[in-house]
Amino acid sequence: MKKIFTILVIVLMASGLYAQNYSGKQKDIDIILKNTKSFSAYYMAGDYEKLSGCYTEDGKIFPGGQDIIEGDEKAGNYFRVPEGYKVLKHKVTPQEISVVKKTAYDYGYYEGETQRPDGTISTWKGKYVIVWKKVNGDWKIYLDIWNRVDD
């Protein structure tokens, strides 16, 4: 019995390391999570038109070392990969999502893999913050900032 209790305590403590903190209406949180997964799917598929649609018309991205890029089409097109490259994996893991009326934010980590023309694979990961706006019942990215994290 003591052994089972010890294992249970370890499992519960470890699960706290990966805990996510979500606040707001569950329906809104579910839409944000769905839209986050859709963003990743569009990026991996190279569907930049749908990727642009993830942003508000006045959406802004803040890529490292560059000026702010404004507008949904420009934001979506920023993610175009060069000829011969393919995004194999893009995963976003929110740590916190907070919804207040028609605005929300989330932050967490992202990771991915890109295949180069020579077949080699590049892996990358980082952290992000997104500010969302509710537009006609859907949640769209208004502000998007990210930074790479060293391995």
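Okay, here's what the table says:
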item	result
Strands (runs of 3 or more DSSP E) contained entirely in region 71-151, each with at least 1 residues that are loosely packed, with under 14 Cβ neighbours inside 10 Å and among the aliphatic types (A, V, I, L, M)	86-100, 121-135
Among (1) buried (at least 17 other Cβ atoms within 10 Å of the Cβ); (2) at pLDDT below 95; (3) of a type in the set (S, T, N, Q) - the single one T6 does not satisfy	(1)
Qualifying residue in region 27-36 (condition: touching a helix residue (DSSP H, G or I) at 6+ places or on another chain (Cβ under 8 Å) and buried (at least 19 other Cβ atoms within 10 Å of the Cβ))	no
Selection count where residues are farther than 15 Å from V81 by Cβ, at pLDDT 95 or above and over 12 Å from the mean Cα position of the chain (by Cα), scope region 12-48	11
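The values are calculated or read from the model by the stated rules, or taken from the named source; none is laboratory data. Being a predicted model, the structure only gives us computed values, none of them experimental. Every residue, glycine among them, receives a Cβ derived from its backbone with ideal geometry; neighbour counts consider all protein chains shown.
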